[in-house]
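Working notes, structure below.
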Amino acid sequence: MAAHSCRRIVHAAGDATGRELVRTLAAAVRRVPSITVLEGMEARRLFVEDGAIAGVLAVGSKGAVTMSTSRVVLATGGIGGLFSDTRNPIGSCGHGLALAACAGAELADLEFVQFHPTALDGPRRPMPLVSEAVRGEGAVLVNDKGQRFLADAPGGELASRDVVARAVWHQLAAGRRVFLDARQCLGPRFGKRFPTIAQLCREAGIDLTIEPIPVRTAAHYHMGGVAVDATGRTSVEGLWACGEVACTGLHGANRLASNSLTEAVATAGWVAESVVGASPGCRRRLLYTLVPPRPDPSCIRPVVSAALGIIRDGETLREAAAALLQIATVNQAASDPALVALMIAIAALGREESRGSHYRSDFPGRDADARSLRLTLRTAIQAAVALGWRAPTRST
Ligand SMILES: Cc1cc2nc3c(=O)[nH]c(=O)nc-3n(C[C@H](O)[C@H](O)[C@H](O)COP(=O)(O)OP(=O)(O)OC[C@H]3O[C@@H](n4cnc5c(N)ncnc54)[C@H](O)[C@@H]3O)c2cc1C
């Protein structure tokens with residue numbers, strides 16, 4: 001796989017690893033009587049008292065409920081749904097980051113958003129993925145003139161994801177279409193090796209035996225997130241984070257293929273041990289005045305896709321921060337997604353260099369010092385205000 005120095009990845013059911021993992025874990029959860037699964041319940045706010053977690057405000061089919069607890073684990077996934085072109089579920093808009101930020105937690109490396117170079121180009125959202133493993137089998141990227149635009153690049157189609165994504169982006173920005181051609185390397189074997197992708201291509205009317213696959217870049221993974229220590233603890237007492245919502249630093253500025261599920265499974269065990277070892281605290285009566293609306297990022301997707309995409313620059317980031325600050329500070333369905341996008345924009349403005357998935361056209365070079373940037377809700381709003389825009393204080 002791209003940028004891996006040897007073949008080390010195990011796959012389940014050809015190209016259905018995620019599905020097999022979820023199926024296995026869900027079955028294991030159902031076998032544990034002490035676990036209560038509240039399906040369709042969405043956490044909307046965390047209660048914090050004296051700087052520590054005191055409970056959760058959640059909304060389900062029967063309305064809002066409060067759950068008193070001094071131990072909360074966030075495992076709410078990524079942010080891809082903030083972008084127009086994404087591989088993530090459309091509702092995956094970084095809600096866990098908003099919950100943690102509003103609880104006062106520190107977030108880290110928010111600027112590092114990974115774009116996958118080969119999502120199936122078409123109207124479907126989320127966009128189907130044409131796995132990197134297809135390039136691992138020898139497929140090549142060509143544009144609509146038949147030019148193999150990565151042939152001379154170090155690593156070629158198996159260069160690291162940020163390099164391949166930028167090359168595809170430049171082709172698309174130049175008005176070219178981009179295709180992944182597996183006719184030579186796989187041909188009639190494609191369906192057996194990649195049954196899920198073959199089915200997706202058939203549904204899109206693509207005949208893999210005679211046609212290359214149209215692809216484009218799409219938001220895929222977030223290396224940044226809630227800053228955690230080695231046991232998954234955040235900077236807020238009683239709050240842990242695990243999986244894509246957390247920033248362990250393990251992925252640096254650019255995740256290698258298949259390291260996300262590995263990290264999520266490995267760190268989940270450390271988090272569980274830490275939570276069990278923590279005091280359960282006492283039950284509290286939780287009062288709330290406002291139930292934040294269900295997050296809906298649809299109205300901010302254009303500004304996020306334009307400013308926080310594969311190629312960024314200071315001016316576009318500042319303009320985006322201005323627009324997002326106005327939306328984030330008014331209680332509406334877009335405010336939590338706008339808050340998350342604002343914090344990513346402030347982080348991207350703060351990193352005046354290009355590193356991994358974060359590329360600034362106005363700072364294409366890389367600093368010697370690979371520092372990690374950390375933000376809280378307060379410091380992000382202060383930074384946005386310092387950019388010259390005045391905003392009413394935010395009601396959390
Ligand atoms: C198409 C695709 C292919 C991928 N392939 C690979 C791969 O081959 N290998 C690899 O390592 N990684 C892969 N990744 C990345 C990997 O799947 C994700 O990083 C991983 O699923 C993250 O797991 P998670 O448990 O943190 O979050 P998720 O799996 O995203 O789960 C988060 C859950 O939290 C719920 N949630 C969100 N907000 C709230 C809320 N406020 N209240 C209640 N619930 C909430 C969501 O509904 C969701 O069920 C892929 C990602 C995609 C999109």
* **From the options Val228, Val215, Val265, residue that is in the same structural domain as Leu74 (by TED's automatic domain parsing) and in contact with a strand residue (DSSP E or B) (Cβ under 8 Å, 6 or more places away or on another chain)** => Val228
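Which ones in the range 187-243 are of a type in the set (S, T, N, Q) and touching a residue at least 12 places away in the same chain (Cβ under 8 Å)? Before you say what the answer is, go through the steps one by one.
Step one: filter the range 187-243 for residues of a type in the set (S, T, N, Q), giving 196, 199, 209, 217, 231, 234-235.
Thr196, Thr209, Thr217, Thr231, Thr234, Ser235 - these are the residues of the range 187-243 that are of a type in the set (S, T, N, Q) and touching a residue at least 12 places away in the same chain (Cβ under 8 Å).
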* Asked: In this structure, is Leu74 crowded, with 24+ Cβ neighbours inside 10 Å, more than 9 Å from the ligand (Cβ to nearest atom), under 15 Å from the mean Cα position of the chain (by Cα) and at pLDDT 95 or above?
  -> no
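Can you name the residue in the range 45-72 that is of a type in the set (Ser, Thr, Tyr) and part of a strand (DSSP E or B) and, of all such residues, is nearest to Ala98 (Cα to Cα)? Before you say what the answer is, go through the steps one by one.
So the first thing to find is which residues in the range 45-72 are of a type in the set (Ser, Thr, Tyr), and the list is 61, 66, 68-70.
With part of a strand (DSSP E or B) added as a condition, the list becomes 66, 68.
Numbers: Thr66: 18, Ser68: 20 Å.
Here the residue is Thr66.
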* Leading residue by the ranking (farthest from Arg355 (Cα to Cα)) among those in the range 267-301 that are surrounded by 14 or more Cβ atoms within 10 Å (Cβ to Cβ) and within 11 Å of the ligand (Cβ to nearest atom) -> Pro292
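This table checks each residue for (1) within 16 Å of the ligand (Cβ to nearest atom); (2) in contact (Cβ under 8 Å) with a residue 24 or more places away in the chain.
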residue: Lys62; (1), (2): yes, no
residue: Val65; (1), (2): yes, yes
residue: Leu82; (1), (2): yes, yes
residue: Gly155; (1), (2): no, yes
* Cys201 is checked against (1) away from the ligand (no atom under 13 Å from the Cβ); (2) within 22 Å of the chain's Cα centre (by Cα); (3) part of a helix (DSSP H, G or I) and fails just one. What number does that condition carry? -> (2)
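In the set Ala27, Ala58, which member is of a type in the set (Gly, Ala, Ser), out of contact with any Leu (no Cβ under 6 Å at 6 or more places or on another chain), free of Cβ contacts under 8 Å to residues at least 60 places away in the same chain and not assigned by TED's automatic domain parsing to the domain that holds Leu342?
On the way: Ala58 fails: not assigned by TED's automatic domain parsing to the domain that holds Leu342.
Step by step, each of Ala27, Ala58 is checked, and only Ala27 is of a type in the set (Gly, Ala, Ser), out of contact with any Leu (no Cβ under 6 Å at 6 or more places or on another chain), free of Cβ contacts under 8 Å to residues at least 60 places away in the same chain and not assigned by TED's automatic domain parsing to the domain that holds Leu342.
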* Structure fact -> Subset of the range 306-339, residues touching a strand residue (DSSP E or B) at 6+ places or on another chain (Cβ under 9 Å) and in contact (Cβ under 8 Å) with a residue 40 or more places away in the chain, comes to Leu308, Gly309, Ile310, Ile311, Arg312, Asp313, Gly314, Asp336
* Output the qualifying pairs, or none if there are none: Cβ atoms under 8 angstrom, residues six or more apart or on different chains, first residue in the range 366-381 and free of Cβ contacts under 8 Å to residues at least 40 places away in the same chain, second residue polar (S, T, N, Q). => Arg366/Ser354
* In the range 84-96, the residues that are open to solvent by 10 Å² or more (accessible area, probe 1.4 Å) and within 16 Å of Gly309 (Cβ to Cβ) -> Ser84, Asp85, Arg87, Asn88
* To do: Please tell me if Val56 is within 14 Å of the ligand (Cβ to nearest atom) and either more than 26 Å from His95 (Cβ to Cβ) or exposed (fewer than 15 other Cβ atoms within 10 Å of the Cβ) (or both).
  => no
* Mind checking which residues of the range 366-382 are of a type in the set (Lys, Arg) and modelled with pLDDT of 95 or more? -> Arg366, Arg374, Arg378
* Out of all the residues in the range 338-353, is one or more open to solvent by 10 Å² or more (accessible area, probe 1.4 Å), in the same structural domain as Asp85 (by TED's automatic domain parsing) and within 19 Å of the chain's Cα centre (by Cα)? -> yes
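Results for (1) open to solvent by 40 Å² or more (accessible area, probe 1.4 Å); (2) among the hydrophobic types (A, V, I, L, M, F, W, C); (3) on the phi > 0 side of the Ramachandran plot, shown as yes or no for each residue.
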| residue | (1), (2), (3) |
| --- | --- |
| Asp229 | yes, no, no |
| Thr234 | no, no, no |
| Gly238 | no, no, yes |
| Gly243 | no, no, yes |
| Gly249 | yes, no, yes |
| Asn259 | yes, no, no |
| Ile311 | no, yes, no |
| Thr316 | yes, no, no |
* **Pairs, first in the same structural domain as Ser372 (by TED's automatic domain parsing) and away from the ligand (no atom under 12 Å from the Cβ) in the range 246-261, second part of a loop (DSSP other than H, G, I, E, B) and open to solvent by 30 Å² or more (accessible area, probe 1.4 Å), C-beta under 8 Å, six or more apart** => Gly249/Ser372; Gly252/Ala370; Ala253/Ala370; Asn254/Ser160
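The values are calculated or read from the model by the stated rules, or taken from the named source; none is laboratory data. Please read these numbers as outputs of a predicted model, since none were measured by experiment. Neighbour counts run over all protein chains shown; Cβ positions are idealised from the backbone, glycine included. Ligands, DNA and RNA are stripped out before the accessible areas are found, and what is left, the full protein with its side chains, is counted by its heavy atoms. Shrake-Rupley method; radii C 1.70, N 1.55, O 1.52, S 1.80 Å.
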